[in-house]
Amino acid sequence: MTPDEALDALAEQRGLLAGFRDMQGREIHAGPETKLALLRADGIALDDASMAEEALVALRAGEARRLAPEYAVGAAGRPVTVAIAPGAGWALCAEGSEAVLATGRAQGAVTLPPLAAGYYILSLVRRRETQECLVIIAPPSLPAVGDGGGPARIWGLTAALYGLRSDRNLGIGDFADLADLLGAVRPAGAGFLGINPVHALGWQARETISPYSPSHRGFLGERHIAPDRIPGLEGLEAAARICEAARRGIESGAEADRIDYPASINAHQTALQALWDLFQAEAPVAARERFAAFRRQGGEELERFALYESLSETHGADWRGWPAGLRAPDGPDIAAARRRLGQRSGFFCWLQWAAEEQLALSGRGGRPGEGLYLDLAVGPRRGGAESWCHADAIAQGVSLGAPPDALNPEGQCWDLAAYAPSRLKAERFASFRRILRANLRHAALLRIDHVLGLNRSYWIPDDGSPGGYIRQPLDALLAILSIEANAAGTIVIGEDLGLVPEGFRDTLAQRNIHGCSVLQFERDAKGRFRRPESLRRLSLACAATHDTPTIRGFWEGRDIDWWRKLGWVDASQAAKLQAQRARDTAALAALCAEDAPAQAARDPARCMHGLLARSPAVLVSLQLDDLIGETEAQNLPGTTTEHPNWTRRYPMDVARLGALPELGAFDALMRAQPQPTRRPGKEETLP
């Protein structure tokens, strides 16, 4: 076997894709440099291809020594067969329990009895060898719209939480604004309110403003804590004075169209610190006991996160620049740091308690799919808290990203940490499970950003090698998602836009994982817009997202204007794109005019919202930006400071937003619309 052949075999065994087809249909092959870099990231130390055969032999020998696979997946209520080495004794227990559910001696395979959904440990013994296999038993599908006698279709609203305006917040929308807006839109018929991710961005990472670049996805962002709604401090004059002083500190920018992040964060952090001091001194016993119980329940995961935040105040927000003894949660200097920073860590635990208490007030409606629609970012920052806390599961030396496309010929590097499949399996998917539970806790619906990552991840090496795809353990991740979503009663939406492998959407749909149908992208193979009646039933249909132009912006070609301004296209290309955009909007208006008044066809938002109502999608979402006629997108992918991303505030306060007449009008439109049906085997498009 030549070194290159050994490298290819090793890469295949480890789940690296030999190549993929890009958006233009071209076959892109992974070269030796890519394979070496990705294998190193997944835990195999290789200097060059000459070491591949030795690593392959060692890998195969290790697999041959296994008495059973690292994990097995089965369906609830059905027997599951697990391949086990002949002669091995086995015993099955529920995870976390010592009670033996079944036992025996294997003759090459064992068929376990039907089990309830959950996690089990299959313990194996042969001679002096002991091993374990995680058995994941999943419900057949995830919660769906209509479960429990709920409505067959639900519509809702999406909004940028950070941009909500009120006379009491500190320049950044907070959890109290969220509860107020949700309460305001429900009477108009909205079933859910969707917001950007509210993950922890990092106490010290003041320059980080993108909600999709979190420090830790398992904890909440303290920037959204409402200082005037801290549990246990209600009615205290001292607390009111602290909040009033903080509000005065941002008065100069209170009416601004853009968020002044430095001023808001400074005022907010100063207020929270003062309120923590007040809480310790004057909060009633009941509130302090609730906080203490929360801290105990949070356990090591909460304490580890709080320690990270405490250490970041001295050493910076990126742990990769910390002293060597602190760069891992089990480092040699960690025990001393815990003792030294115990009181400060208490502050960061308290922030999480306050955030959880406030977010819970928005909570869920009475039926599946009604309440908060939350968003799980695709990954955490590489130097953030999650990659420090969960270092055992993280791939080293690579970033998550996307392959080259027409607008990004070099590809996209997101500087986000990726799960290493081998490490994830070795820790029994504990990191993935924790992140899911934290995000499902308060969500009636949860959107998984870039759900393709459950199937395969595109890794970009730090050494400059071209990126490549690596397979993730899809069967296990989907089974875990089914267990956790059913336990929480949460409907899951998978953001499945872009380059998607054939059959992947069907795999998700079989489990009731809803897709995303964005009208701007819903076209057939000839580039024609699909008729709304042909959209996927099991999807969330919308006209636009935070990463696309708004409806009005799409109509006016605002995104193309930005591409020209940034030099991504030249004047000639921009003119051609604008001409095509005019044809696109004319086609959409013509489709709208089939059953809408002429004036509706001339109003872009009414046009697109009418198309959404005609779709069979069980979930329909309106963007708050579109209801107020906004032209600028919340975010322009591929930019950071070149475009004013994540900074725009809504022009009116929460109360006025919730009273927009367009909400009631759309509810009436949804109620009046007969349930469309799809023609079997025929996808209708515009001529």
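Values computed for the structure shown
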quantity: The listed residue being in contact (Cβ under 8 Å) with a residue 40 or more places away in the chain and either among the charged types (D, E, K, R) or part of a loop (DSSP other than H, G, I, E, B) (or both), out of Glu303, Glu289; calculated: Glu303
quantity: Strands (runs of 3 or more DSSP E) completely within the stretch 1-96 that count 2 or more residues being in contact (Cβ under 8 Å) with a residue 12 or more places away in the chain and over 19 Å from Trp459 (Cβ atoms); calculated: 71-75, 80-83, 89-94
quantity: Residue among Ile265, Ile230, Ile259, Ile242 that is in contact with a Ser or Thr (Cβ under 7 Å, 6 or more places away or on another chain), in the same structural domain as Gly383 (by TED's automatic domain parsing), surrounded by 13 or more Cβ atoms within 10 Å (Cβ to Cβ) and of a type in the set (A, V, I, L, M, F, W, C); calculated: Ile259
quantity: Residue list for the stretch 416-430, restricted to those being in contact with a helix residue (DSSP H, G or I) (Cβ under 6 Å, 6 or more places away or on another chain) and charged (D, E, K, R); calculated: Arg423, Glu427
quantity: Lone qualifier among Ala72, Ala76, Ala99 - being under 38 Å from the mean Cα position of the chain (by Cα), farther than 20 Å from Ala476 by Cβ and at pLDDT 95 or above; calculated: Ala99
quantity: Residue that is farthest from His643 (Cα to Cα) [pool: residues in the stretch 560-581 that are surrounded by 15 or more Cβ atoms within 10 Å (Cβ to Cβ) and among the hydrophobic types (A, V, I, L, M, F, W, C)]; calculated: Leu577
quantity: Strands (runs of 3 or more DSSP E) enclosed by the stretch 99-218 - at least 3 residues per element that are under 28 Å from Gly62 (Cβ atoms) and of a type outside the set (Asp, Glu); calculated: 100-105, 109-112, 118-126, 129-138
quantity: Residues located in the stretch 133-176, provided they are under 22 Å from Val73 (Cα atoms) and surrounded by fewer than 16 Cβ atoms within 10 Å (Cβ to Cβ); calculated: Pro140, Ser141
quantity: Output for the stretch 432-460, where each listed residue is over 18 Å from Glu495 (Cβ atoms), in contact with a helix residue (DSSP H, G or I) (Cβ under 7 Å, 6 or more places away or on another chain) and buried (at least 21 other Cβ atoms within 10 Å of the Cβ); calculated: His442, Trp459
quantity: Yes/no for Trp568 being modelled with pLDDT of 95 or more and of a type in the set (Phe, Trp, Tyr); calculated: no
quantity: Flag if Glu234 is part of a helix (DSSP H, G or I) and of a type in the set (D, E, K, R); calculated: no
quantity: Residue list for the stretch 306-327, restricted to those being in a helix (DSSP H, G or I) and either surrounded by 20 or more Cβ atoms within 10 Å (Cβ to Cβ) or touching a strand residue (DSSP E or B) at 6+ places or on another chain (Cβ under 8 Å) (or both); calculated: Ala306, Leu307, Tyr308, Glu309, Ser310, Leu311, Ser312, Trp319, Leu326
quantity: Test result for Gly664, modelled with pLDDT under 95, farther than 29 Å from Trp562 by Cβ and either over 26 Å from the mean Cα position of the chain (by Cα) or part of a loop (DSSP other than H, G, I, E, B) (or both); calculated: yes
quantity: Of all residues in the stretch 373-428 being in a helix (DSSP H, G or I) and of a type in the set (Asp, Glu), the one that is modelled with the lowest pLDDT; calculated: Asp392
quantity: Residue ranges of strands (runs of 3 or more DSSP E) in the stretch 429-505 with at least 1 members closer than 20 Å to Ser399 by Cα; calculated: 445-448, 456-461, 468-471
quantity: Which listed residue, of Gly189, Gly202, is on the phi > 0 side of the Ramachandran plot and at pLDDT 95 or above; calculated: Gly202
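The values are calculated or read from the model by the stated rules, or taken from the named source; none is laboratory data. It should be emphasised that the depicted structure is a prediction, and the values quoted were computed from it without experimental measurement. FYI the Cβ positions are ideal-geometry reconstructions off the backbone, even for glycines, and counts take in every protein chain you see.
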